[in-house]
Each structure stands twice: as C-alpha cells, then as structure tokens.
Amino acid sequence: MKIGILALQGDFHEHQNCFNKLSVETQLVKSVSEFDNCDSLVIPGGESTAISKLLVNTKLDKAIIEKASEGFPIWGTCAGLILISNQIIENDPVPLKLINITTSRNYYGRQIDSFVEKILFEKENFEAIFIRAPKIVDFEKDIELLSLTHDGTPVAVKSKNILGTSFHPELTDDLRIHKMFIDMTENK
Ligand code: GLN
C-alpha cells in the first residue's frame, strides 16, 4: 500500500513525516504518472489558488476527479478541503467537487489569527490547529460529521471515500486521523 501526497505546493512534507512515523510507504505526487502509482491521495494545506493552477497544468485535476468517482480515497486538509468542496463561497479557485460541502476561505482571519482548539475526535480530545482555515458553511445529508468546534461547526467530515479536515492534523503528534486515512486506503 502506498499513500500519495500531492506535492505541488504546501505542507506535504509534514504529512509525509506522519505516515513515516506510522511506517506507511508514501509517494510525493507531482504528476499523473506518480499519482497512478498510489492507493490514495492527501491534498495538503497551503494556498488553494496556487495548488489549483498547478493541478490544471499537470492535468492532475481530471485524474483526481476520475479516480475519486471510482472510490479512490482522498483526504483534503485546509487548502485541500477547499479544493475538494462542491462549492466555494468566494468562487475562486474552481473546486474539484468531490464532497457535498460548501466552504468559505480564510473565514477565521489571517495567519496571525491562527488558533488551537480542543475538539473531540472519536470521543477523545484532539488539539486542532487552524491556520487561515476555511469554514464549512453548508453540507448535504450524506456528510458524516466526525468533529465539531464548540459552536457546532463541522471541522472533520467524511462521505464514503472522501475525508476532509479544516485544520492541520499533520502539525500535531496525534496521528489518529492519519491512521483513519490508512484504514480507508486499506479497505477501499
Ligand atoms: N487560506 C488558504 C487558502 O485559501 C488555506 C490555508 C491553509 O491551508 N492553511 O488556500
């Protein structure tokens, strides 16, 4: 099993470190041929507009949309969550439309407004780090809400083979969400 990590821009190395700690093989993905070599894909945090342009240039956008429709596991974190949304309030970038949620970019303010909030993931505390994070402002009935903030906003969501988090699990030592994605990849 090999987990692909989109490596066009953003904090892909941090995700790779997490999977290394869990002794799972990874492949940094910058092209369709590297993508074809993987069993699942993480789309990391970074700048969604930059990642989107590079996805189009490399034709990875179409490849990801096609594989996702066949049940291939995809996990988007922060900018990655924006990219997998069905709709983005700001209408920029053009989303991949892999999961029935609407997101709003930079909802919680600028880099300087970054914060940590204790949320519950699988009934236990998880220190969620939010950096220029998107907010999930709407979602359809098929969406499983895995974690909410204190005001009831979903911040970890899942629908079939698609997982999304508006925070950055790759920046903490808590690897439970990476483990969940490994399970999704093994059981696809
Ligand atoms: N605000 C960024 C964007 O719109 C995402 C920030 C992040 O991934 N930490 O792409």
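Summary of values
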quantity	calculated
Dipole magnitude (debye, nearest 20) for the range 131-188, charges at Cβ of Lys, Arg, Asp, Glu	100 debye
Sites Arg110 and Asn57, calculated FRET efficiency, Cβ-Cβ separation with R0 41 Å, nearest 0.05	0.90
The chain, relative contact order [Cα under 8 Å, separation at least 6], %	19 percent
Given charges at beta-carbon only (K, R positive; D, E negative), |dipole| of the chain in Debye	280 debye
Taking the range 1-102 and dividing mean pair separation by its residue count, relative contact order in percent (alpha carbons under 8 Å, at least six apart)	25 percent
Cα-based shape type of the range 104-168, given that a ≥ b ≥ c are square roots of the gyration tensor eigenvalues and the cut on a/c is 1.5	oblate
Extended-chain gain in nm, criterion 0.36 nm per residue less alpha-carbon gap, Lys21 and Asp151	43.5 nm
Expected 222 nm ellipticity per residue - DSSP helices of 4 or more, -39500 (n - 2.57), all of the chain, to 500	-7500 deg cm²/dmol
Computed magnitude of the charge dipole of the range 45-110 (debye, nearest 20; Cβ of K, R +1, Cβ of D, E -1)	60 debye
Which of Thr185, Asn106, Asn161, positive extreme of dipole for the range 49-186 (C-beta unit charges)	Asn106
Shape category assigned to the chain from the gyration tensor of Cα positions, a/c cut at 1.5	rounded
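None of the figures in this text is laboratory data; all of them are computed from the coordinates on show. Being a predicted model, the structure only gives us computed values, none of them experimental. Because the Cβ atoms are built from the backbone with ideal geometry, glycine has one as well, and the counts that use them run over all protein chains shown.
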